[in-house]
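The values are calculated or read from the model by the stated rules, or taken from the named source; none is laboratory data. Bear in mind that the values here come from a model prediction, so they are computed numbers and not experimental data. With ideal geometry, Cβ positions are generated from the backbone for all residues, glycine too; neighbour counts draw on all protein chains shown.
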Amino acid sequence: MNRTYINIEHGSHLETSINLYDRGTLYKLHSYLESIFGHSRYLIITDETIWKAVGDYFSNFLEHETNTAIYILPASPAPYASSELLNIITRRIALENAIPIAVGSGTINDLVKRASFENSIRYVCIPTAPSVDGYASFGAAITINGFKETVECPPPLCIIADEDIITKAPSQLIASGYGDIIAKLVSGADWIIADSLGIEMIDPVAWKLAQDASIALFSQAKQVYQGSVSSINMLYRGLISTGLAIQEYKDSRPASGTEHLLSHTWEMLQHQNDKEKYSHGFKVAIGSLISCALMSELFSQNGALRKLVENKGFSPIDNLLQYRLDVMELLDTDPLLKSEIEKTITSKTPSIFELRSRIERAHQVWPELSKKVMIQIPSFLELKQAFSDASCPTEPGQIGLSRSECINSIKIASLIRRRYTVLDLASELGVLDAAADVVFSSKYFTYFAKK
């Protein structure tokens, strides 16, 4: 794939002081932490499965830091980043009055990150798998009243990972990490759209941190699946780089677009058991394929949605606010959550005059915008092959999604965040319903769960 790069033109503002990755780093963990925290007391927070796999790596640390407490969450049910569990961990940190050390992957890190913030204390992150980009990021993904939110909190002060642990992580977690990082290619296209319409300008530093890693790893799918140490090391470093992009920008925009909005929507639509069954990276892999298909149909020269928009003369939808409020009713959830979504809809929906102005601009920049988007994203078949080679899912049914859930989610997803994506552009152009029909046709997907 050919890519254009945006050069770094100014400095960065990162809050993580130590970012170490090498073989044997945990043997020297006590020395690293003493250089930052002095003689402090520590609280390791992990779960039974993780501690059973990596606990021996901390033997030297525990010999030196004999006053360290260890809080081990049960393995079953697997920990879920809910506000209820967050409150438990927040109280435990306060009780122990110690520097928290998160030992685990995405869920553990998000919980400890926010709980540390609520205790006005910085924490240490010890990643155990190259599975998510959230280790280094600003903010934590926490489910509150059934609604996944990115809540405020600074990144870890230290990120210290051992190559021996990362490269021996379960293959499913490694594949999940590949799904998460390759998603940045299509989320980057969402940012290009927002930038071209004057809604949210691309930050060159954050862009480069996220995009370079994704581009480099796109061709490494088979090597990642085969357990190549160098490729898995590249994957881990890429995920950290993407997290640093979020940290730099103080928002998840550099690493999150349509595919993440779809993932969050599915978590609201599905039952609790399904939420825990499929990893974040697997969900955003499917979300990336859906987004790629939609963008291809909207921006490619022969795309069905592009022809529809052109035939309509780039006219905006008649009543965007009412359309979005009607779509909201597809979401079968509690009134409190619906109330929050309604606020988001009201705040993000432009007035008729603003909408006309935006669509006029879209019409003016369409040839150049289309070219940029189609350069940024791989073809649908390329993307599907890469995910397949890395052992990521490539069909909605593989993550428990029915066709009706997919159709509803593509309409709902843009309503749950203010972030501008291709979903917003499609709805403003009045082609989102048509997009659902085209994207979920047999041209792109053939396997859906039966419910």
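General observations
- Checking residue 258 against (1) under 20 Å from residue 200 (Cβ atoms); (2) at pLDDT 95 or above; (3) among the polar types (S, T, N, Q); (4) surrounded by fewer than 24 Cβ atoms within 10 Å (Cβ to Cβ), the condition it does not meet: (4)
- Of the residues making up the range 134-189, those that are hydroxyl-bearing (Ser, Thr, Tyr) and surrounded by 24 or more Cβ atoms within 10 Å (Cβ to Cβ) are 135, 137, 176, 178, 187.
- Residue within the range 418-433 that is outside any loop (DSSP other than H, G, I, E, B), assigned by TED's automatic domain parsing to the domain that holds residue 178 and of a type in the set (Phe, Trp, Tyr) present: no
- Qualifying residue in the range 286-294 (condition: modelled with pLDDT of 95 or more and either more than 30 Å from residue 175 (Cβ to Cβ) or polar (S, T, N, Q) (or both)): yes
- Residue within the range 193-203 that is under 13 Å from residue 260 (Cα atoms) and in contact with a Ser or Thr (Cβ under 9 Å, 6 or more places away or on another chain) present: no
- Extreme residue, surrounded by the most Cβ atoms within 10 Å (Cβ to Cβ), among residues of the range 371-417 that are farther than 24 Å from residue 146 by Cβ and hydroxyl-bearing (Ser, Thr, Tyr): 391
- Any chance residue 68 is free of Cβ contacts under 8 Å to residues at least 40 places away in the same chain and β-branched (Val, Ile, Thr): yes
- Test result for residue 282, more than 15 Å from residue 130 (Cα to Cα), assigned by TED's automatic domain parsing to the domain that holds residue 183 and modelled with pLDDT of 95 or more: no
- The strands (runs of 3 or more DSSP E) found entirely in the range 19-126 that carry 3 or more residues being within 24 Å of the chain's Cα centre (by Cα) and of a type outside the set (Phe, Trp, Tyr) are 42-47, 99-104.
- Boolean, residue 243 is outside any helix (DSSP H, G or I) and either touching a residue at least 24 places away in the same chain (Cβ under 8 Å) or aromatic (Phe, Trp, Tyr) (or both): no
- So residue 347, is it loosely packed, with under 15 Cβ neighbours inside 10 Å, part of a helix (DSSP H, G or I), of a type in the set (Ser, Thr, Tyr) and touching a residue at least 12 places away in the same chain (Cβ under 8 Å): yes
- Residue in the range 364-376 that is part of a loop (DSSP other than H, G, I, E, B) and polar (S, T, N, Q) present: no
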